[in-house]
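What follows is a set of notes on a single structure, which appears directly below.
The values are calculated or read from the model by the stated rules, or taken from the named source; none is laboratory data. In this text, all values refer to a predicted model and were calculated from it rather than measured experimentally. For neighbour counting, all protein chains shown are included, and Cβ atoms are generated from backbone atoms with ideal geometry for every residue, glycine included.
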Amino acid sequence: MSWERDAPHASAEPDARVARAFGMLTMLSSTTEGVSVATSFSPFVARHIGPREADIAVMLQRVAKASLAELTDTAIPASIRSTAPLAIEAAESEAAVLEQLRGYAAANKVVTSMLGQGYYGTITPGVIGRNVLENPAWYTAYTPYQPEISQGRLEALVNFQTMVTDLTGLDIAGSSLLDEATAAAEAMTLMHRSTRAKAGSVLLVDTDVFAQTKAVIHTRAEPIGIPVIEADLNDAASVEDLRTAAGGAEVFGVIVQYPDGLGLLRDWSGLAAAVHEMGALVTAATDLLALTLITPPGEWGADIAVGSAQRFGVPMMFGGPHAGFMSVRKGLERTMPGRLVGVSVDAVGYPAYRLALQTREQHIRREKATSNICTAQVLLAVMASMYAVYHGPDGLRAIAARVHGHAETIAAALRAGGFNLPSDRFFDTLTVEVGERCGPYVAAALERGINVRRIDSEWIGISVDETTTATDVTDLLAAFGCTSGEPSDSGIPADFARTSEFLSHPVFNAHHSETQMLRYLRSLADKDFALDRGMIPLGSCTMKLNATTEMAAVTWPEFTDIHPFAPSDQSQGYAALIAELEGWLCEITGYDAVSVQPNAGSQGELAGLLAIRGYHRSRGDDHRTVCLIPQSAHGTNAASAVMAGMKVVVVGTAPGGDIDMVDLKDKLAQHGDNLAAIMVTYPSTHGVYEDTIAELCAMVHDAGGQVYVDGANLNALVGLAQPGKFGSDVSHLNLHKTFCIPHGGGGPGVGPIGVRAHLEPFLPRSGQRGRAGAAVSAAPYGSAGILPISWAYIRLMGGDGLTQATKTAILNANYIAARLGEHYPVLYTGASGLVAHECILDLRELTKLSGVTVDDVAKRLIDYGFHAPTMSFPVAGTLMVEPTESEDLGEIDRFCDAMVAIRAEIQAVLDGKVAVADSVLRHAPHTAQSLVGEWEHPYDRATACFPQGLHVAKYWPPVARIDGAYGDRNLVCSCPPPEAFE
């Protein structure tokens, strides 16, 4: 990545820094219960944990416990408690952590990348880098489930969707997927279900689709029985040709690369016509920058387009995170995976954005879901959309023309030098025949600081990008013994040249000066509620501090500018950091091995289940396909199990909220011979430590199954209990929750999996220790570019600090349960009467008696200056609250005071003082605009907008309550015209 501003670089003395990084020893003071957080741990612990010593004393008194040790000893079953402290040493300071990270950065070698294959150098405009990627108003926000307080990022995502639909020439786009390979795999299943494919129907994949994309397609196809055939489809232009390529089988879908993996521009229109004639669908994996100059796939017949928006201002980052995309023609939108942002109206008719259709959360359908994806890459999609906003259509064309011009200049010089290039139809990538001298030419380019791609012993691939300079062109040609001629500007061949307009909406034509762009970004950020404004108490989401020091290395070029397929000696810093991080995660969880490849929790689930599947199949137990899943489990569990080729069998919930052990015994007796696994969340999704977990693990193992412990609630276990030690075989971990990678408004995330030793051979392929499992992400190490965040968090905290954080998270949750239990029933507690790190407030009886819903309470909390807790999960009609360890007593009390005040407002409805339809609850949230209009409510303006009294830091929602049903009936998923807001 290139920055349009100064960026930090490692020292000119890398050897010394590497030595310090790999051998740094720091001191950690001894830890004693009751001693001040500020003096007994590493200095950073007091920065991360919110409550002070005096606060802890107050909260302990409220929960009737003498110490944190007594609290956790009472809450957590003794049978699973860890007996030894975590052997992770804390750094002595934040400066020391940055110094060590500098050493890792110095061990990476940044060279000019011409490797291509979906990853390209790009220039991140400084105004976007500083004001989006490095701005906590953007990166600490959560998924926009509460749309009234998410209008800024929702608008940015609508810009992204509009950008994708315009450039691909299709009708509707989603708000981002995990990467290009995952998007292609999702397109496969979309085509399969949309064509109602018969058993045995095959997917045809052109041989020149990117290799990493084909790998993920095969991963996803095999467990669910979809045959995939790779074939050269260049000359396929009839139904007969397609059937021949498919070996006589019926074809339900075709996937091609455009431009293809060798860089060639192919006319796929004949193929598309033949595919449609046989009732099948076509997906084009494509390049957004190329589409500014070449005919969009929607115009030559593609039904679906997928790809990555990486080269729109998002660095390579050793493979991710990047915003994948998918767009579709009309008629396919209602089965799209992932999230779709649509335009609706608020209570007064003002246009407003929100998540649209059932695609918002396909996984809620559990085993009937069409995808397990429950997140996106929002922060990266925002960056890409703002890149398009900032440059506009003319700027993007100019960048693309410059890139193509460099490719033409190189092609002309190579031909003049006697080299064979198979085609003159390309955008940015050339394939060069070099005889048997591939090795020497690759080496000669590297001597000049350039990576080129070795295709085989006779062919080399060269890809240029936005960062390519005339000097780079000269140096590359010198490696081939050629000289550069005059720069070329002949343009794309006429039969491939784009003639349609794109990005004509005013938003892409109004913010081209930095002043305009800066103000636009600020205006959007001001509309949203993120952690930089206040607590986000979302249960099961762990919205904790994302410290500035943890974020620092994310933008260092030594981390951002490494291609994921660069030679391994150029990524030694990454290798060392990842190995150390994986080792720490093993120490924390008690597992024997960890893979960081999964780039979301959902993909971690899939990878873990595929490891279990591979293990059983390696033992000849192919019949073990049943996966037991508790009724209370997160929907992704069931969706992932189906994607892994398993049959879901639900285990019931006992009256106290625990897994029904009697029902479990019955299900094991019924399905034991075919049992593959059980998936459980611990602590449970009900927010309690179930004391039967060890027994459950033993029962499943006795039946021949494996135990998958969902790591969603690991923030309640770190330092106190280890899944790998109390009976689990595999877990996915959410680094974007427990280990401080920010949620980014709905992504990125990282979902690594930890396994016991017997499952390690089945971890995703990454070149590590002979792992041969299926690839679940495009890049070997997934979203490697944000792993330094979690590494820094663990290094800053150390084992004792991490344990203290867990204890504090448990205390904060129990304090809230104690304070609010007097006003709202706490639905579930453990045998000790305590909760874990979150609690469920039950509003169902209040709703029945008053008509006030959890939605009313959630919207009213906005008036009080809070993001709502998690609504109606895991139990409909409830609110699940998770404060994390980072919130201090003052903020927690402010939240509790708001909830107590809202309970009084509900009581007014119960007492008949106001009808629910006229109440302050039903009309929440209240906007600043409402203050100056006609006021027809029975309550006054101060009660509406300042329920806790006047205060300077008032957050004003930009819209009133949004009508979601209107938006689904009138589906609009691209930028509305400006006059809609008048």
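Structure data summary
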item	result
Residue list for region 410-447, restricted to those being of a type in the set (S, T, Y) and assigned to a helix (DSSP H, G or I)	Y441
Filter result (outside any loop (DSSP other than H, G, I, E, B), over 21 Å from R311 (Cα atoms) and out of contact with any Ser or Thr (no Cβ under 8 Å at 6 or more places or on another chain)) within region 448-470	R454
Criterion: on the phi > 0 side of the Ramachandran plot and modelled with pLDDT of 95 or more - qualifying residue of G169, G103	G169
Where V328 falls short, out of the listed (1) over 30 Å from N108 (Cα atoms); (2) modelled with pLDDT of 95 or more; (3) more than 22 Å from the chain's Cα centre (by Cα); (4) not acidic (D, E)	(3)
Region 580-623 - residue that is assigned to a helix (DSSP H, G or I) and among the β-branched types (V, I, T) and, of those, nearest to A641 (Cα to Cα)	I612
Any pair with Cβ under 9 angstrom, 6 or more apart, that starts in region 512-541 at a residue that is more than 30 Å from H686 (Cβ to Cβ) and aromatic (F, W, Y) and ends at one that is at pLDDT below 95 and part of a loop (DSSP other than H, G, I, E, B)	none
Region 862-893: number of residues that are of a type in the set (G, A, S), on the phi > 0 side of the Ramachandran plot and touching a residue at least 40 places away in the same chain (Cβ under 8 Å)	1
Matching entry among G749, G754 (being within 26 Å of the chain's Cα centre (by Cα) and in a strand (DSSP E or B))	G754
Boolean, I364 is out of contact with any strand residue (DSSP E or B) (no Cβ under 6 Å at 6 or more places or on another chain) and at pLDDT below 95	yes
Verdict on H623 being touching a residue at least 24 places away in the same chain (Cβ under 8 Å), surrounded by 17 or more Cβ atoms within 10 Å (Cβ to Cβ) and farther than 29 Å from A87 by Cα	no
Sole residue being in the same structural domain as G657 (by TED's automatic domain parsing), within 26 Å of the chain's Cα centre (by Cα) and not basic (K, R), chosen from G672, G687	G687
Members of region 631-656 found to be part of a loop (DSSP other than H, G, I, E, B), out of contact with any Ser or Thr (no Cβ under 7 Å at 6 or more places or on another chain) and at pLDDT below 90, listed by number	P655, G656
Positions within region 166-177 being of a type outside the set (G, A, S) and closer than 22 Å to T143 by Cβ, in sequence order	I172, L177
Test: residue in region 904-927 that is outside any loop (DSSP other than H, G, I, E, B), in contact with a helix residue (DSSP H, G or I) (Cβ under 9 Å, 6 or more places away or on another chain), surrounded by fewer than 20 Cβ atoms within 10 Å (Cβ to Cβ) and of a type in the set (V, I, T)	yes
Region 476-489 residues that are outside any loop (DSSP other than H, G, I, E, B), paired with ones that are at pLDDT below 95 and not acidic (D, E) (beta carbon under 6 Å, 6 or more apart)	L477/S484
Unmet requirement for L577, which otherwise passes all of (1) surrounded by 15 or more Cβ atoms within 10 Å (Cβ to Cβ); (2) assigned to a helix (DSSP H, G or I); (3) in contact with a strand residue (DSSP E or B) (Cβ under 9 Å, 6 or more places away or on another chain)	(3)
Test: residue in region 660-682 that is on the phi > 0 side of the Ramachandran plot, in contact (Cβ under 8 Å) with a residue 12 or more places away in the chain and of a type outside the set (A, V, I, L, M, F, W, C)	no
Selected residue (only one of A381, A407 is in contact (Cβ under 8 Å) with a residue 24 or more places away in the chain, assigned to a helix (DSSP H, G or I) and crowded, with 24+ Cβ neighbours inside 10 Å)	A381
Failed item, numbered, when K913 is tested on (1) over 36 Å from the mean Cα position of the chain (by Cα); (2) of a type in the set (K, R); (3) more than 23 Å from E822 (Cβ to Cβ)	(3)
Residues of region 699-726 that turn out to be outside any helix (DSSP H, G or I), in contact (Cβ under 8 Å) with a residue 60 or more places away in the chain and buried (at least 20 other Cβ atoms within 10 Å of the Cβ), as a count	13
Single condition A960 does not satisfy, out of (1) free of Cβ contacts under 8 Å to residues at least 12 places away in the same chain; (2) in contact with an Asp or Glu (Cβ under 7 Å, 6 or more places away or on another chain)	(1)
Enumerated helices (runs of 4 or more DSSP H) restricted to region 112-201, each holding at least 1 residues that are surrounded by 24 or more Cβ atoms within 10 Å (Cβ to Cβ) and either among the polar types (S, T, N, Q) or more than 19 Å from the chain's Cα centre (by Cα) (or both)	151-168, 180-194
P493, sole failed condition from (1) farther than 28 Å from Y142 by Cα; (2) within 30 Å of the chain's Cα centre (by Cα); (3) loosely packed, with under 15 Cβ neighbours inside 10 Å	(2)
